[in-house]
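Asks: Structure in structure tokens, see below.
The values are calculated or read from the model by the stated rules, or taken from the named source; none is laboratory data. Keep in mind that what you see is a predicted model, and the values were worked out from it rather than measured. Reconstructed Cβ throughout: ideal geometry from the backbone, glycine too, with neighbour counts over all protein chains shown.
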Amino acid sequence: MDDAGNDVRDMIRKGITIAVCLFFISKTLLAQDKASTNSGGCQVPLSRQIFHDYVDAAQKNLGNLTSSGIDRLQCSIETDSLIKAQDKVRYLRGIENLLKFFAAGYKNKETANKLLPQAIHAYESCMVADKNGRSIEPVIEKASYEVGSLIISGTKIALEKNVGFKAGQQLLVLKYCSLHPDQTFQTLRENPDMPFADSLVKAVAKKYPAQLYTYAQANNKLGYTIRNITDDSFVKTVVRMSRSKSGQQYFPFLDNVVKGKITMAELDAAEKDSVLYYRLLVKTRIEYVQRAMNKDTAIAYAELEARLRQKASDVFVTTINGLHERPDAVRFKSILPLTAQELYYLAVLTDGLIYTSSYTNGVYPQIMKKINNRGDSLLPSVHYDHYRKFISQAAAYNTLGGFLASFPDSKSADELMKTFVSQLEESAGLEDGVDVADSYASIAETLPDRAKEMLKNVQANYERNKSQGNARGQAIYTILDKLFLSADSSNGIDLTKELGIPPVYRVPFSSLTNEKGEVIVQVFFFGDEDGKLDFGIFQSMFPRTHWTIDKSNPQWILIKSTKDKPISIYANIPFDEETGKDDMAQSALRNYLRENNIKPTVTINRGHSYHANTTIAYMAPSSRIVFMGSCGGFNLINAILQKSPDAHIVASKQIGKRDINKPFIQLLMDKLRAGADIEWIPFWKEFRKNARVDGFDDYIPPHKNLGVIFIKAYSLSRS
């Protein structure tokens, strides 16, 4: 018994010991649960510690952008006895997601750092409303769009069951459309259940009629909403147009249709005759321009100009361009019925497309004939619409002198040219400045006294803008002043120093050479019949007295100078296009040049216009002189500058001709072999003497592409 009793006593002692240990362990664990603190210093139960850790990690990811209000809000959630445990988790997850959403927006530069404290404050207000069963809509209504978006999108997990969450989403759509009215239709398409959709459509319809027209045709909920608006005559008219087969033809006249000035039946009758339809477009354009001068901008103003441009190009200019080899009586028959004003719009709206001969032999003489050779009457009759473009064109085609001479009062001509360069800072974009810049080189060559007056007026306008503190105007006129002055090398203007751009009127020989003092030239040939013929002619231009031709490579040839400066010319062999070997040869040459760090600074395209994009794709970004001896190469200038921003470009506005391309290449190679700088003004005069062929005037030298340089310099000045 004694032994048994001892055993029992031992078991009791052990049991007591275990119980005591278990008691203290449980107390310790409980104490630990209560004593665990977050970064704000408040106690957090272990069951929710992980959610605080998530918030802390999201804060840490923000770096210096974090807000002390976050720690306080965490503690506020934990210490609020009225919030249930599962709701505390929900609100904590809301903070975490809000921070993550903010971080993503900040990284993508879509969210400003100052919004974080505002968003934390707004979220706390939403949380208070939510825990008390109230709508969060008033908070979203009071907040900015950016803060509201952070709340609705970033804390959806916490607040989506709130009675006001959907209303808050709708408020955000409304706020966004107020900030970005041009995106209203797209936003409503993406959010099809907005109760105010019809009101928004009516609010923006007149400002964005083209979008209204497009979305009215859509087979979706927004299209249905638009088509069912019955209390707005404007929307109803656009819907009616959108459902007509001829709706696109009606649309430019929308303002007059709504006002009852013209009917769709009258438009139908005009549309059947291309001349009548074009005439109606011009008449309406002139009317709209006059209204705009009186601060009454017609609905679809821009759309009417776009349609007018299209018809001028498609119906008339493309036709007369295409007949360039036919007698003038045949070529220009289609434009004979047009008035001076209708011919005027043919010219100014097809700049860059109309051939020189189409302008000088057809459009311009007909304009002057139909205004009885009184230039002073033309521009007022179109309310000076696009008049800077007209003057720039006239300068480029060498008709400006005759046009100004037709003014009975020379003072009126002087005043026109003064106005031409004045108040450019008031223009919405840079087009007017481009026209002035483009015109100067031609005016300086043919009308030097006018050029001097232009320069004086540019400088006077700079002083005016300086006195008015107009930064935009000062930038515009500084650039024009430096560009114009740099035309004369004796002025000592360094465009790189003054404007941050390369010289416009010259290409220093040193800028064309590599570290060995060698100039690398790349020539692109294509495997059609013309390309094969040109390839043979090209090789004959390099006599053995000064050059060697290496034909050892099966895909290209290498021509090297043997006297004077080292010149290396790489030209791909033009294989039959249908075999694909043409492209393979060009690709192989490009790869060879890259692998051997050979960087062409002169690029020559010897293909047709449809080959030009291939040349641009393969050409080296190091190109400083680019010759596009193809039809319409002038229209590719912007594409070339995207590839090689500092390139000096020679391009044809019309038909690239072998008998013009050849003397250009010959003269350029002679200059390079002599180590001479390429001075474009004297170079062009010499080139003209060597290429006495019809079509020369369609070749545009770099110094007459000043508009492109103007845009580049302006962008640099404002960056």
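Asks: Give the residues of segment 153-177 that are under 23 Å from residue 188 (Cβ atoms) and of a type in the set (Ser, Thr, Tyr), sorted by residue number.
Replies: Answer for segment 153-177, where residues must be under 23 Å from residue 188 (Cβ atoms) and of a type in the set (Ser, Thr, Tyr): 153, 176.
Asks: Can you tell me which residues in segment 542-563 are among the charged types (D, E, K, R), in a loop (DSSP other than H, G, I, E, B) and at pLDDT 95 or above? Write out each step before concluding.
Replies: To start, the set of residues in segment 542-563 that are among the charged types (D, E, K, R) comprises 544, 550-551, 560, 563.
Remaining after also requiring in a loop (DSSP other than H, G, I, E, B): 544, 551, 563.
If the condition is that a residue be among the charged types (D, E, K, R), in a loop (DSSP other than H, G, I, E, B) and at pLDDT 95 or above, then 551 is the only one that fits.
Asks: Look through 236, 245, 202, 206 and report the one residue that is of a type outside the set (Ser, Thr, Tyr), assigned to a loop (DSSP other than H, G, I, E, B) and surrounded by fewer than 17 Cβ atoms within 10 Å (Cβ to Cβ).
Replies: Values: 236 fails: assigned to a loop (DSSP other than H, G, I, E, B); 202 fails: assigned to a loop (DSSP other than H, G, I, E, B); 206 fails: surrounded by fewer than 17 Cβ atoms within 10 Å (Cβ to Cβ).
Within the list 236, 245, 202, 206, the selection yields 245.
Asks: Next question, about the same structure. Evaluate segment 104-113: report whether one residue or more is among the polar types (S, T, N, Q), surrounded by 15 or more Cβ atoms within 10 Å (Cβ to Cβ) and free of Cβ contacts under 8 Å to residues at least 40 places away in the same chain.
Replies: Yes, that holds for at least one residue.
Asks: Name the one entry in 333, 295 that is of a type outside the set (Val, Ile, Thr) and on the phi > 0 side of the Ramachandran plot.
Replies: 295
Asks: Suppose we keep only residues that are closer than 17 Å to residue 257 by Cβ and in contact (Cβ under 8 Å) with a residue 12 or more places away in the chain within segment 272-286. Which one would you say is surrounded by the fewest Cβ atoms within 10 Å (Cβ to Cβ)?
Replies: 277
Asks: Still on this structure: Checking the condition in contact with a Phe, Trp or Tyr (Cβ under 7 Å, 6 or more places away or on another chain), part of a helix (DSSP H, G or I) and in contact (Cβ under 8 Å) with a residue 24 or more places away in the chain, which residue from 98, 73 passes?
Replies: Within the list 98, 73, the selection yields 98.
Asks: Go through 497, 516 for me and flag whichever is surrounded by fewer than 20 Cβ atoms within 10 Å (Cβ to Cβ), out of contact with any Leu (no Cβ under 7 Å at 6 or more places or on another chain) and either within 30 Å of residue 430 (Cβ to Cβ) or hydroxyl-bearing (Ser, Thr, Tyr) (or both).
Replies: From the options 497, 516, the qualifying one is 497.
Asks: Let me ask something additional. Among the aromatic types (Phe, Trp, Tyr), within 30 Å of the chain's Cα centre (by Cα) and more than 30 Å from residue 281 (Cα to Cα) - does that describe any residue in segment 436-444?
Replies: Yes, because at least one residue in segment 436-444 is among the aromatic types (Phe, Trp, Tyr), within 30 Å of the chain's Cα centre (by Cα) and more than 30 Å from residue 281 (Cα to Cα).
Asks: Considering only residues that are basic (Lys, Arg) and part of a loop (DSSP other than H, G, I, E, B), look in segment 651-696 and name the one that is farthest from the chain's Cα centre (by Cα).
Replies: Looking at the filtered set, the residue picked out is 692.
Asks: Exactly one condition in (1) within 24 Å of residue 481 (Cβ to Cβ); (2) among the polar types (S, T, N, Q); (3) buried (at least 18 other Cβ atoms within 10 Å of the Cβ) is false for residue 399; which is it?
Replies: (1)
Asks: Please list, ordered by residue number, the helices (runs of 4 or more DSSP H) wholly in segment 459-541 having 1 or more residues that are at pLDDT below 90 and touching a Gly at 6+ places or on another chain (Cβ under 7 Å).
Replies: Helices (runs of 4 or more DSSP H) meeting the threshold: 529-540.
Asks: Further question: I need every pair where a residue in segment 399-424 that is at pLDDT 95 or above has its Cβ under 6 Å from the Cβ of a residue that is assigned to a loop (DSSP other than H, G, I, E, B) and of a type in the set (S, T, N, Q), sequence separation at least 6 or different chains.
Replies: Close Cβ pairs (under 6 Å, with a partner that is assigned to a loop (DSSP other than H, G, I, E, B) and of a type in the set (S, T, N, Q)) amount to 406/373.
Asks: If you don't mind, another one. As an exercise: evaluate residue 349 against (1) more than 31 Å from the chain's Cα centre (by Cα); (2) in contact (Cβ under 8 Å) with a residue 24 or more places away in the chain and give the number of the one condition it does not meet.
Replies: Failing condition for residue 349: (1).
Asks: Could you say which residue among 306, 300 is at pLDDT below 95, surrounded by 20 or more Cβ atoms within 10 Å (Cβ to Cβ) and under 25 Å from residue 258 (Cβ atoms)?
Replies: None of the others qualify; the one that does is 300.
Residue by residue, here is whether (1) over 30 Å from residue 133 (Cβ atoms); (2) at pLDDT below 95 holds:
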| residue | (1), (2) |
| --- | --- |
| 146 | no, yes |
| 155 | no, yes |
| 158 | no, yes |
| 185 | yes, no |
| 193 | no, yes |
| 201 | yes, no |
| 213 | yes, yes |
| 217 | yes, yes |
| 227 | yes, no |
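Asks: Can you find even one residue in segment 690-697 that is under 30 Å from residue 323 (Cβ atoms) and either surrounded by 20 or more Cβ atoms within 10 Å (Cβ to Cβ) or among the β-branched types (Val, Ile, Thr) (or both)?
Replies: yes
Asks: Now, a different point. So which residues in segment 105-144 are modelled with pLDDT under 90 and either outside the structural domain of residue 65 (by TED's automatic domain parsing) or of a type in the set (Val, Ile, Thr) (or both)?
Replies: Scanning segment 105-144 gives a single hit, 111.
Asks: Continuing with this model, one more query. Any residue at all in segment 293-301 that's over 12 Å from residue 252 (Cα atoms) and part of a helix (DSSP H, G or I)?
Replies: At the first step, the residues of segment 293-301 found to be over 12 Å from residue 252 (Cα atoms) are 293-297.
Now restrict to residues that are part of a helix (DSSP H, G or I): 293.
Within segment 293-301, one or more residues are over 12 Å from residue 252 (Cα atoms) and part of a helix (DSSP H, G or I).
Asks: For segment 305-395, list the helices (runs of 4 or more DSSP H) that sit wholly inside it and hold at least 1 residues that are among the β-branched types (Val, Ile, Thr); which are they?
Replies: Result: 318-322, 328-331, 340-348, 364-370.
Asks: Under 7 Å between Cβ atoms, which residue pairs at least 6 apart in sequence (or on different chains) link something in segment 650-669 that is modelled with pLDDT under 85 with a partner that is small (Gly, Ala, Ser) and assigned to a helix (DSSP H, G or I)?
Replies: Close Cβ pairs (under 7 Å, with a partner that is small (Gly, Ala, Ser) and assigned to a helix (DSSP H, G or I)) amount to 651/633; 652/633; 656/633.
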